[in-house]
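A.B. asks: This structure is in structure tokens; I'll ask about it shortly.
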């Protein structure tokens, strides 16, 4: 069962296709010849997390491009992407459908921590490759108990540990205030920070506050942190709240040493709305290139990205970090399939997914590579700190490989 | 039948009704062996939601108290079952009545202050409950029990050794048994004095009180029983899905229940079944129609349904049957004068 | 103590947001005796319209005016086309229609405009008034706008014949028709005005919370609570209720911690309602047997 592409979009992309074939022969056109590779995923196309639905759409577009180029070893990829509204019971229903009715070869980039938790046991019992789940939770890297599950994102705990270690090394007397989203993602990052800031260092944390996604603003939380006397701010928020935090921390006169987590660090989607001048001095961990960052303006991988978006996913936001993330994940999936060669079975897909050696999709930061092994199901384990200088994220220090995940 | 149909909140069952019900039940028992495990799972979920919607319908349809927060009772029932199973206190089948009793008590206690609130204000109070529940469930103090944001994973129960069915089929039969029991209990409850009292309180509260109906007691009881049903549904649902987490019980679940009750048909026992089928299957259909804006399609469905069938599917069926009967048997015009009459047939 | 004061004032700022949306809810309730749950999403959609106009080069106040008028027309159209055919249905069926509208607006906005947050300009200066650190100029300005709209609504309902006709149409449609009031168009007008007020609320809110399709979800929740706390049939009460909810939420956060803020705020609101079932300033309805 293929996904329905609305007629209007089809027409639009056909016209774009025609135009670009005439204009620049960047994309080859070849017909795939082999049997189709069926992948399945659940995405929150509706509900509170619908902002991430674009990840499913960009991956759909990427596979379309691959199919236009002849598929993987001649096989076209079909991605069946179902809506679960970020509700775990719905995820269970949809994944069961994908496995038991659609007989997908593998699950790819199912999104969300609670949603994936709901199907974690099931897919491993059914021995279905559960590849590159779109969440940074650390628990996906557990090949001993869940051999069919693979993470993808740089784990939240690793990110938290990086911030913790940086502080211990460079500001050991910091007074730290932490704001985090009151769900598993927020708590996971916090756990990473506390892994490092433990024992005698635990007293560096002077205040922790939370927020819910239904909160309209977090101004009240910023006020609480400010009045606690903290001079360092670890900011574990999603884009809308990151923008509010960046703006409020500046406007209220607090101006702490501000660590902004990767999820909320996009220049175009977060810092620009907040005010670039208010974002100077922000520190984050990055592992892929930000499309709105001027330093990658002429980067060949970035140019290819823009061409891809213009041709295959016009209605998507070319500056949205989620789209870049989905693109990189799709490239990794294609790499696994390529490595499978003729043997397209679930067993071999799992084996190849455990066999990624120094795979470098060019949109990852230079120096970062994807590596997996039978005892290591975390493809991305490295990140690099960067500081915002008012215009771009300036990388500094070395590429760091985390301890957790 | 002892109670004349005109004086009952639900019409009495004729022998035709009973025959049709028997056929339906036989079909329901045979179904899991004819379709794949995934579909059996979907039907199990539909049965679970039917129980929940019946609970809400008793409160809102028959008793006129609006609840925008029944997802909270569903969550309490689900977590009760999950915690009891996770800490190996009780086997899965024993957790169901426990979940029901817990929700009965909490529902009744909630119903007491709610007595003071009417209409919109009651809607807000229940809405507040539905909105606050996920936050309460995530709280650190009860995390050792609830698993916090991570939730609790439940082991799927096995069928008894002597029964050669799959786990999904067994769960379906287990849920079906509870569904039949609860639907029968509801019908029995509503066709007697209690049902009349509830409807009287809904339609003419002052007159009912003047007639000696203990309004306060019945309204609180309605809340309690309604919560009991929804709590049992939550427990059954948790076992079917094998997972509970605060994110499973957002306030959108409460809204979905209200949608299900209205679409199925207020003050109607069969309406609970139609509503359950709607909320399980329509989002999938909307998803297939449009990936770009699936919920816009769902919204169009909702508005269209309300336009075509303002009293829900059960109401539309009732109207259609009445029209058909009116043409053939004029004496049925008398039946048209009865209070919220609905049929038990599909 | 300073923190408490600071939080309370910050609460007034967010309370202003809730108050403006609560006003739209009250408007529609006064006109139709129904609470339109889609009010927030309609306001969000109108704000996107304003944003699109500004992207196309229209200056702020021009876009503002056009949007408010467009929202008014849109509200009237929705009432006439979507609500009127089902207006004799039971209340809960209408609630379902509103929920349908809610999901449609939300979904379509996400589809057309994507979910990336967009900055929205404020007509008020950057510098806080009198250089104070507690409330920005925008906070004060948007509160002033809310109070102006409130006075206009109050004057409209109390002192104009049209306002009287609208209130009559909502309270007693049968008698109103006998007196010559065009009940259908009164309802449509009510929707139009509520939609326009919602658009103003959205335009005032967006600079603070950033424009995105889900921006009104949480706000509607609090606005609903605030409107009912103050009394749904009292515009002034609803606005006051909005402010109270904002302050209450922040002050509770200081004592209880942010994890139970929402829960405690709602518990208190429900508690108040139990004591005063018609809200703080609402009219208690006495039913004659």
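A.B. asks: Please specify each residue of the stretch B:306-319 satisfying the condition of being in contact with a helix residue (DSSP H, G or I) (Cβ under 6 Å, 6 or more places away or on another chain) and in a helix (DSSP H, G or I).
C.D. replies: Those that are in contact with a helix residue (DSSP H, G or I) (Cβ under 6 Å, 6 or more places away or on another chain) and in a helix (DSSP H, G or I): B:306, B:307, B:312, B:313, B:314.
A.B. asks: While we're looking at this one, here's another question. Taking the condition of being surrounded by fewer than 22 Cβ atoms within 10 Å (Cβ to Cβ) and within 10 Å of chain B (Cβ to nearest Cβ), how many residues in the stretch C:270-286 meet it?
C.D. replies: 7
A.B. asks: May I ask you to list the residues in the stretch B:105-164 that are away from chain C (no Cβ under 14 Å) and in a helix (DSSP H, G or I)?
C.D. replies: B:105, B:106, B:107, B:108, B:144, B:145, B:150
A.B. asks: Give A:118, A:125 a once-over and let me know the one that is in contact with a helix residue (DSSP H, G or I) (Cβ under 9 Å, 6 or more places away or on another chain) and either at the interface with another protein chain (Cβ under 8 Å from one of its Cβ atoms) or surrounded by fewer than 24 Cβ atoms within 10 Å (Cβ to Cβ) (or both).
C.D. replies: A:118
A.B. asks: Is it the case that residue B:59 is within 11 Å of chain C (Cβ to nearest Cβ), in contact with a helix residue (DSSP H, G or I) (Cβ under 6 Å, 6 or more places away or on another chain) and either surrounded by fewer than 24 Cβ atoms within 10 Å (Cβ to Cβ) or within 28 Å of residue B:193 (Cβ to Cβ) (or both)?
C.D. replies: On the way: within 11 Å of chain C (Cβ to nearest Cβ): no; in contact with a helix residue (DSSP H, G or I) (Cβ under 6 Å, 6 or more places away or on another chain): yes; either surrounded by fewer than 24 Cβ atoms within 10 Å (Cβ to Cβ) or within 28 Å of residue B:193 (Cβ to Cβ) (or both): yes.
No.
A.B. asks: Those residues that are more than 11 Å from chain C (Cβ to nearest Cβ), more than 20 Å from residue A:265 (Cβ to Cβ) and in contact (Cβ under 8 Å) with a residue 40 or more places away in the chain, I need them from the stretch A:314-335; list them, please.
C.D. replies: Across the stretch A:314-335, the qualifying residues are A:314, A:330, A:331, A:332, A:333, A:334.
A.B. asks: Against the condition surrounded by 19 or more Cβ atoms within 10 Å (Cβ to Cβ), at pLDDT 95 or above and within 12 Å of another protein chain (Cβ to nearest Cβ), how does residue B:234 come out, does it pass?
C.D. replies: Spelling it out, residue B:234 is indeed surrounded by 19 or more Cβ atoms within 10 Å (Cβ to Cβ), at pLDDT 95 or above and within 12 Å of another protein chain (Cβ to nearest Cβ).
A.B. asks: All but one of (1) more than 22 Å from the chain's Cα centre (by Cα); (2) within 14 Å of chain B (Cβ to nearest Cβ) hold for residue C:58, so report the exception by its number.
C.D. replies: (2)
A.B. asks: Here's a follow-up. Condition test on residue C:253, is it touching a residue at least 24 places away in the same chain (Cβ under 8 Å), surrounded by 19 or more Cβ atoms within 10 Å (Cβ to Cβ) and more than 20 Å from the chain's Cα centre (by Cα)?
C.D. replies: Spelling it out, residue C:253 is indeed touching a residue at least 24 places away in the same chain (Cβ under 8 Å), surrounded by 19 or more Cβ atoms within 10 Å (Cβ to Cβ) and more than 20 Å from the chain's Cα centre (by Cα).
A.B. asks: Tell me yes or no: at least one residue of the stretch B:242-250 is more than 14 Å from residue B:52 (Cα to Cα), modelled with pLDDT under 90 and within 14 Å of chain C (Cβ to nearest Cβ).
C.D. replies: Taking every residue of the stretch B:242-250 in turn, at least one turns out to be more than 14 Å from residue B:52 (Cα to Cα), modelled with pLDDT under 90 and within 14 Å of chain C (Cβ to nearest Cβ).
A.B. asks: Scanning the stretch B:182-204 for residues that are touching a helix residue (DSSP H, G or I) at 6+ places or on another chain (Cβ under 6 Å) and without any contact (Cβ under 8 Å) to a residue 60 or more places away in the chain, which turns out nearest to residue B:13 (Cα to Cα)?
C.D. replies: Within the stretch B:182-204, the match that is nearest to residue B:13 (Cα to Cα) is B:197.
A.B. asks: Continuing with this model, one more query. So which of A:99, A:95, A:104 ends up being under 23 Å from residue B:285 (Cβ atoms), away from chain C (no Cβ under 14 Å), surrounded by fewer than 24 Cβ atoms within 10 Å (Cβ to Cβ) and in contact with a helix residue (DSSP H, G or I) (Cβ under 6 Å, 6 or more places away or on another chain)?
C.D. replies: Testing whether each residue is under 23 Å from residue B:285 (Cβ atoms), away from chain C (no Cβ under 14 Å), surrounded by fewer than 24 Cβ atoms within 10 Å (Cβ to Cβ) and in contact with a helix residue (DSSP H, G or I) (Cβ under 6 Å, 6 or more places away or on another chain) leaves just A:104.
A.B. asks: Of these, C:264, C:204, C:215, which one is within 14 Å of chain B (Cβ to nearest Cβ) and touching a residue at least 12 places away in the same chain (Cβ under 8 Å)?
C.D. replies: C:264
A.B. asks: Which condition number in (1) assigned to a strand (DSSP E or B); (2) over 21 Å from residue A:368 (Cα atoms) is the one that residue A:269 fails?
C.D. replies: (1)
A.B. asks: Working carefully through the options A:342, A:304, A:297, A:338, find the one that is surrounded by fewer than 21 Cβ atoms within 10 Å (Cβ to Cβ) and either within 14 Å of chain C (Cβ to nearest Cβ) or touching a strand residue (DSSP E or B) at 6+ places or on another chain (Cβ under 6 Å) (or both).
C.D. replies: On inspection, the qualifying residue turns out to be A:338.
A.B. asks: Checking the condition within 14 Å of another protein chain (Cβ to nearest Cβ) and modelled with pLDDT of 90 or more, which residue from B:171, B:176, B:181 passes? Write out each step before concluding.
C.D. replies: Working: B:176 fails: within 14 Å of another protein chain (Cβ to nearest Cβ); B:181 fails: within 14 Å of another protein chain (Cβ to nearest Cβ).
So the residue among B:171, B:176, B:181 that is within 14 Å of another protein chain (Cβ to nearest Cβ) and modelled with pLDDT of 90 or more is B:171.
A.B. asks: May I pose another question? Which numbered condition in (1) farther than 16 Å from residue B:258 by Cβ; (2) assigned to a helix (DSSP H, G or I) is the only one that residue B:49 fails?
C.D. replies: Answer for residue B:49: the failing condition is (1).
A.B. asks: Can you tell which of B:53, B:43 is within 14 Å of chain A (Cβ to nearest Cβ) and within 18 Å of the chain's Cα centre (by Cα)? Before the answer, list the steps.
C.D. replies: Values: B:53 fails: within 14 Å of chain A (Cβ to nearest Cβ).
On inspection, the qualifying residue turns out to be B:43.
A.B. asks: What number goes with the only condition from (1) within 14 Å of chain A (Cβ to nearest Cβ); (2) in contact with a helix residue (DSSP H, G or I) (Cβ under 7 Å, 6 or more places away or on another chain); (3) part of a helix (DSSP H, G or I); (4) under 30 Å from residue C:112 (Cα atoms) that residue C:242 does not pass?
C.D. replies: Only one criterion is unmet by residue C:242, namely (4).
A.B. asks: Which condition number does residue A:311 fail, the rest of (1) more than 14 Å from chain C (Cβ to nearest Cβ); (2) within 21 Å of the chain's Cα centre (by Cα); (3) in contact (Cβ under 8 Å) with a residue 60 or more places away in the chain; (4) assigned to a helix (DSSP H, G or I) being met?
C.D. replies: The single condition residue A:311 does not satisfy is (2).
A.B. asks: Suppose the filter is closer than 30 Å to residue B:11 by Cβ and in contact (Cβ under 8 Å) with a residue 40 or more places away in the chain; does residue B:112 pass it?
C.D. replies: It is false that residue B:112 is closer than 30 Å to residue B:11 by Cβ and in contact (Cβ under 8 Å) with a residue 40 or more places away in the chain.
Listed here are the residues, each with its yes/no results for (1) in contact with a strand residue (DSSP E or B) (Cβ under 6 Å, 6 or more places away or on another chain); (2) within 14 Å of chain C (Cβ to nearest Cβ); (3) closer than 19 Å to residue A:109 by Cα.
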site	(1), (2), (3)
A:33	no, no, no
A:36	yes, no, yes
A:40	yes, no, yes
A:45	yes, yes, yes
A:49	no, yes, yes
A:56	yes, yes, yes
A:62	no, no, yes
A:68	no, no, no
A:73	no, no, no
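A.B. asks: Separate question: Which one of these is farther than 23 Å from residue C:262 by Cβ, surrounded by fewer than 24 Cβ atoms within 10 Å (Cβ to Cβ) and either touching a residue at least 40 places away in the same chain (Cβ under 8 Å) or within 14 Å of chain C (Cβ to nearest Cβ) (or both): A:238, A:149, A:158, A:232?
C.D. replies: Working: A:238 fails: farther than 23 Å from residue C:262 by Cβ; A:149 fails: surrounded by fewer than 24 Cβ atoms within 10 Å (Cβ to Cβ); A:158 fails: surrounded by fewer than 24 Cβ atoms within 10 Å (Cβ to Cβ).
Unique residue meeting the criteria: A:232.
A.B. asks: Next question. Report those helices (runs of 4 or more DSSP H) wholly inside the stretch C:76-174 carrying at least 1 residues which are surrounded by fewer than 22 Cβ atoms within 10 Å (Cβ to Cβ) and away from every other protein chain (no Cβ under 14 Å).
C.D. replies: It comes to C:137-159, C:161-171.
A.B. asks: From the list A:244, A:226, pick out the single residue that is part of a helix (DSSP H, G or I), closer than 20 Å to residue A:185 by Cα, in contact (Cβ under 8 Å) with a residue 24 or more places away in the chain and facing chain C (nearest Cβ under 9 Å).
C.D. replies: From the options A:244, A:226, the qualifying one is A:244.
The values are calculated or read from the model by the stated rules, or taken from the named source; none is laboratory data. Everything numeric in this text was worked out from a predicted model, so none of it was measured. Backbone-built Cβ (ideal geometry, glycine too); neighbour counts: all protein chains shown.
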